[in-house]
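Chemist: Take this structure, written in structure tokens, and hold onto it; I'll ask about it next.
The values are calculated or read from the model by the stated rules, or taken from the named source; none is laboratory data. The shown structure was predicted, so the numbers you read here are calculated from the model rather than taken from an experiment. Neighbour counts are summed over all protein chains in view; Cβ atoms, including those assigned to glycine, are modelled from backbone coordinates with ideal geometry.
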């Protein structure tokens, strides 16, 4: 099942206080970036983030879920209705996230 545009718009509205949020559609789902770094994505109308140390500490009771068949587990964000929680989570994660790999020159 693909994610809905309405759910994406809701999540983006919740994150609207943050500068540097971008989205990339990917096979019916959406990858979320913060300052050019992949934070997670929206899969089947669920917000999932990378299970990095900062996210685990911020959400110690979060469930691990698989975004799609064959993928690594990610953390389910249950508190998408809480704008302050969500922006705090992204801010806690951004420093620990790996920088994007430079693109190869042709």
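Chemist: Out of 58, 68, 64, which single residue is surrounded by fewer than 14 Cβ atoms within 10 Å (Cβ to Cβ) and modelled with pLDDT of 95 or more? Lay out the reasoning, then the answer.
Modeler: Numbers: 58 fails: surrounded by fewer than 14 Cβ atoms within 10 Å (Cβ to Cβ); 68 fails: modelled with pLDDT of 95 or more.
Just a single option satisfies the conditions, and that option is 64.
Chemist: Which residues, taken from segment 22-38, are touching a residue at least 40 places away in the same chain (Cβ under 8 Å) and in a strand (DSSP E or B)? Please lay out each step first, then the result.
Modeler: If we filter segment 22-38 for residues that are touching a residue at least 40 places away in the same chain (Cβ under 8 Å), which is where we start, we get 34-38.
34, 37, 38 - these are the residues of segment 22-38 that are touching a residue at least 40 places away in the same chain (Cβ under 8 Å) and in a strand (DSSP E or B).
Chemist: Look at segment 60-95 and say how many of its residues are in contact with a strand residue (DSSP E or B) (Cβ under 9 Å, 6 or more places away or on another chain) and in contact (Cβ under 8 Å) with a residue 40 or more places away in the chain.
Modeler: 7
Chemist: In addition: Suppose we filter segment 88-106 for residues that are touching a helix residue (DSSP H, G or I) at 6+ places or on another chain (Cβ under 8 Å), farther than 11 Å from residue 49 by Cβ and in a helix (DSSP H, G or I); how many remain? Reasoning before the result, please.
Modeler: Within segment 88-106, the subset touching a helix residue (DSSP H, G or I) at 6+ places or on another chain (Cβ under 8 Å) is 88-89, 92-93, 95-96.
Adding the requirement that they be farther than 11 Å from residue 49 by Cβ leaves 88, 95-96.
After this cut, where a residue has to be in a helix (DSSP H, G or I) as well, the list is 88.
Matching residues across segment 88-106 total 1.
Chemist: Shifting gears a bit: Kindly establish whether residue 9 is surrounded by fewer than 12 Cβ atoms within 10 Å (Cβ to Cβ) and in a loop (DSSP other than H, G, I, E, B).
Modeler: Answer is no for this residue.
Chemist: Scan segment 12-27 for residues that are more than 17 Å from residue 74 (Cα to Cα) and either crowded, with 19+ Cβ neighbours inside 10 Å or touching a strand residue (DSSP E or B) at 6+ places or on another chain (Cβ under 9 Å) (or both) and jot them down.
Modeler: First pass over segment 12-27, keeping only residues more than 17 Å from residue 74 (Cα to Cα): 12-25, 27.
The answer is 12, 14, 15, 18, 20, 21, 22, 23, 24, 25.
Chemist: Right, here's the next one. Applying the selection to segment 64-87, what residues are within 13 Å of the chain's Cα centre (by Cα) and in a helix (DSSP H, G or I)?
Modeler: Scanning segment 64-87 gives 86, 87.
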